[in-house]
Structures are given as C-alpha cells and as structure tokens.
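Coordinate-derived values only; no laboratory data. Because the structure is a prediction, the values reported are computed rather than measured. A quick note on method: Cβ atoms are made from the backbone with ideal geometry, for glycine too, and the neighbour counts reach across all protein chains shown.
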Amino acid sequence: MNKKELVESIAGAADISKASAEKALNGALSAIADALKKSDKVTLVGFGTFSVSKRDARQGRNPQTGDTIKIPAKKVAKFKAGSKLSEAIN
C-alpha cells in the first residue's frame, strides 16, 4: 500500500474527502517526525511505538575495493509493533 492508497482508505473509513484525509495523514506524519527530532517516543496504544536510537560509529569495508572505511555515528528511527498489530498480522 502506498500513500495514495492509504489516503483513499482513510477517506473511506472516516467518510471524509480525500483532501481532508491527506491533510490528516500529513499532519500525523509531521507530528511523529517532529517528536522523533526531539528524541521523544511516540506511542500509539495497540499499534506500536516509534523511537530514536543512537548507532555508534564503526568500521566498515568498501565491497568494491576492500578498503576499510569509517561509518559515522548517527540517530536512527525505530518502530516496535504493539500487541494488537502483532495479533492482527498473525
């Protein structure tokens, strides 16, 4: 499912226009991204939790040349599925 299909599904389920559904989806995604930028957790009970994790700097290897390279530390977004979501897909 892509974003367009998700917007159509939201519009149908909520009985609202596609434009309103897209605004709602964009607002929700923006709010989640803003919270993660502040290193906050976003918990949607039953669905899951979005969080930020730090990945340490490490040594890697260029697969074409075999040279050792430094991979810098960075923050990564994580998602852990909630119990109801896990049950729904099993």
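Quick notes on this structure:
- Picking from residues in the stretch 16-29 that are in a helix (DSSP H, G or I) and farther than 18 Å from Asn2 by Cβ, the one that is nearest to the chain's Cα centre (by Cα) is Gly27.
- Within the stretch 33-87, the set of residues being free of Cβ contacts under 8 Å to residues at least 12 places away in the same chain, of a type in the set (A, V, I, L, M) and surrounded by 12 or more Cβ atoms within 10 Å (Cβ to Cβ) comprises Ala33, Val42.
- Residue that is nearest to the chain's Cα centre (by Cα), among those in the stretch 1-15 that are closer than 25 Å to Thr43 by Cβ and either part of a helix (DSSP H, G or I) or hydroxyl-bearing (Ser, Thr, Tyr) (or both): Lys3
- Strands (runs of 3 or more DSSP E) enclosed by the stretch 32-85 - at least 2 residues per element that are under 13 Å from the mean Cα position of the chain (by Cα) and not hydrophobic (A, V, I, L, M, F, W, C): 48-55, 74-81
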